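**Q** Before I ask anything, here is the structure I am working with.
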Number of protein chains: 2
Amino acid sequence: MSAGRRFRFYWEDFPVGHRMAFGAYAVTREATLAFAREFDPQPFHVDEAAARDSLFGGLCASGWHTCAMAMRMMCDEYLLDSASLGSPGIDELRWLQPVFPGDTLSMQMEVLQARPMASRPAVGLVQTRWEMRNQHGQPVMTMQGWGMFRRRPAA
Amino acid sequence: MSAGRRFRFYWEDFPVGHRMAFGAYAVTREATLAFAREFDPQPFHVDEAAARDSLFGGLCASGWHTCAMAMRMMCDEYLLDSASLGSPGIDELRWLQPVFPGDTLSMQMEVLQARPMASRPAVGLVQTRWEMRNQHGQPVMTMQGWGMFRRRPAA
């Protein structure tokens, strides 16, 4: 791994209890349809009339699109200036409310656990809980999962 | 909800222990980069040189792109001809191995639980475990989660 670049955020910058709030992602009809047509063309994601007639009451974003939008907000807020090494997975993901075109989404996160990785001493694991809300303050998605970050190099 | 259309798959068609194997999704470099640039522009997803230097050893798909490709295979195999009503969430998601451009992905699923929904007698819940493998037979992702389906109408 390249040791050249210095980042703002290393494993040490995500202690247990650390909280951040960020993001203002505008959900467009075009992006909702484009994602759904490629990956999740169920009627309530691609067909206005069918969506009105569904449990959701209107055309809404694929849950995987919602995850992807959350990821973009995380990237812009901290991951792209971090020593992120990827993620082994997610422990729980809940789609609580539909996400509609026209919504503006934001994120809150809190660090639940942080520990060095037993097999790789230069790497640490961080378990985070994320909550995504819409412009009405309604939680639309929660996730709990893990990230791997390089530890801060000695000065 | 429209009762007009008849589907091949209703809640009753996913009994506990039911298994399906399906899909042959070709991962392209163009799609890998397009998804990552929009949603997850971490260096190992968008920059060949940085990716070679990362834990992954080469440019690889965003984990959320991997989920989206899994969803597309599910849609094509059964969801689009089912009385699917969406999903409340995922209980566990593990990204086990990187997914690389040039890979061909396939899915296996098994139904773990199936029960009518207490609050909506016309709807049933199905808990499924999915495993995605690459062309070498390596598991690259596992997921366990829930789907809601309308129950089969009386004949």
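**Q** Per the Debye formula with a single identical scatterer at each Cα and no solvent contribution, what log10 I(q)/I(0) holds for region B:68-155 at q = 0.22 Å⁻¹?
**A** Cα-only, vacuum Debye calculation for region B:68-155: -1.10.
**Q** Can you list residues whose amide H is under 5 Å from A:Arg152's amide H, if they're 5+ apart or on another chain and H is modeled 1.01 Å from N?
**A** Under 5 Å from the amide H of A:Arg152: A:Trp11, A:Glu12.
**Q** Also, I was wondering about something else. With a Cα-only, solvent-free Debye model of chain A, what are the log10 I(q)/I(0) values at q = 0.08, 0.12, 0.14, 0.20 Å⁻¹?
**A** Debye output, listed in q order: -0.28, -0.57, -0.73, -1.17.
**Q** Per residue of B:61-67, what is the mean number of Cβ atoms on other protein chains within 10 angstrom of that residue's Cβ?
**A** Across the residues of B:61-67, the mean count of other-chain Cβ atoms within 10 Å is 5.
**Q** Compute the length gained on full extension between B:Arg129 and B:Ala49: take 0.36 nm times their separation in residues and subtract their Cα-Cα distance, giving the result in nm to one decimal.
**A** That pair, B:Arg129 and B:Ala49, stretches by 25.3 nm at full extension.
**Q** Additional query: Could you give the spread of the C-alpha atoms of the protein assembly as shown along their three principal axes, from largest to smallest, in whole angstroms?
**A** Result, largest extent first: 73, 46, 33 Å.
**Q** If you don't mind, another one. Report, in degrees rounded to the nearest 10, the 0 to 90 angle that the Cα long axis of helix A:29-39 makes with the longest principal axis of chain A.
**A** Rounded to the nearest ten degrees, it is 80.
**Q** Using the alpha-carbon atoms, what tilt in degrees (0 to 90, nearest 10) does helix A:63-77 show relative to the longest principal axis of chain A?
**A** 40 degrees
**Q** Which one of A:Glu110, A:Glu131, A:Glu48 has the biggest mean-square fluctuation once chain A is modelled by GNM with Cα springs under 10 Å?
**A** A:Glu48
**Q** Let me ask something additional. Whole-Hz ³J(HN,Hα) for each residue in region A:7-13, computed from phi via Karplus 6.51 cos²θ - 1.76 cosθ + 1.60 with θ = phi - 60°, x for glycine and proline: what do you get?
**A** Once rounded to whole Hz, the list reads 10, 6, 10, 10, 3, 4, 8.
**Q** Once both labels are modelled 7 Å past Cα along the beta-carbon direction, what's the B:Arg115-A:His136 spacing in nm?
**A** Going from the B:Arg115 label point to the A:His136 one covers 2.9 nm.
**Q** Further question on the same structure: Based only on the alpha carbon positions, what is the Kirkwood hydrodynamic radius of region A:24-87, in angstrom?
**A** 12.9 Å
**Q** Between B:Ala122 and B:Asp76, what length in nm is gained on full extension when 0.36 nm per residue of separation is reduced by their alpha carbon distance?
**A** Length gained, B:Ala122 through B:Asp76: 14.1 nm.
**Q** Hey, can you grab everything whose amide H is under 5 Å from the amide H of B:Leu105? Only 5+ residues off in sequence or another chain; H modelled, so Pro and N-termini drop out.
**A** B:Tyr25, B:Ala26, B:Val27
**Q** Moving on. Enumerate by residue number the chymotrypsin sites (Phe, Trp or Tyr not before Pro) in region B:1-79 meeting two conditions: DSSP loop (anything except H, G, I, E, B), and at most 12 other Cβ atoms within 10 Å of the site's Cβ.
**A** Counting only loop positions with at most 12 other Cβ atoms within 10 Å, none of the chymotrypsin sites (Phe, Trp or Tyr not before Pro) in region B:1-79 qualifies.
**Q** Place a point 7 Å from Cα of A:Leu96 in the direction of its Cβ. Which residues in region B:52-89 have their backbone N less than 20 Å from it?
**A** Zone members listed by number: B:86-89.
**Q** Select from A:Ala83, A:Ala51, A:Ala118 the residue whose mean-square fluctuation is largest in a Gaussian network model of chain A (Cα-Cα springs shorter than 10 Å).
**A** A:Ala118
**Q** A further question on this structure: What value, in deg cm²/dmol to 500, does the helix sum -39500 (n - 2.57) over DSSP H runs of n ≥ 4 give at 222 nm once divided by the residues of chain A?
**A** For chain A, the value works out to -6500 deg cm²/dmol.
**Q** Using a Gaussian network model on chain B with a 10 Å cutoff between Cα atoms, which of B:Leu96, B:Leu55, B:Leu80 fluctuates the most?
**A** Residue with maximal mean-square fluctuation among B:Leu96, B:Leu55, B:Leu80: B:Leu55.
**Q** Which ³J(HN,Hα) values, rounded to whole Hz and listed in residue order, are derived for region A:47-61 from phi using the Karplus coefficients 6.51, -1.76 and 1.60 in 6.51 cos²θ - 1.76 cosθ + 1.60 with θ = phi - 60°, glycine and proline given as x?
**A** Running phi through 6.51 cos²θ - 1.76 cosθ + 1.60 with θ = phi - 60° gives 10, 4, 5, 5, 5, 4, 8, 9, 4, 7, x, x, 4, 9, 6 Hz.
Readers should treat all values here as calculations from the given coordinates under stated rules, not as data from a laboratory. Nothing here was measured: the structure is a model prediction, and the numbers come from that model. Note that each Cβ is placed from the backbone with ideal geometry, even for glycine, and that neighbours are counted across all protein chains shown.
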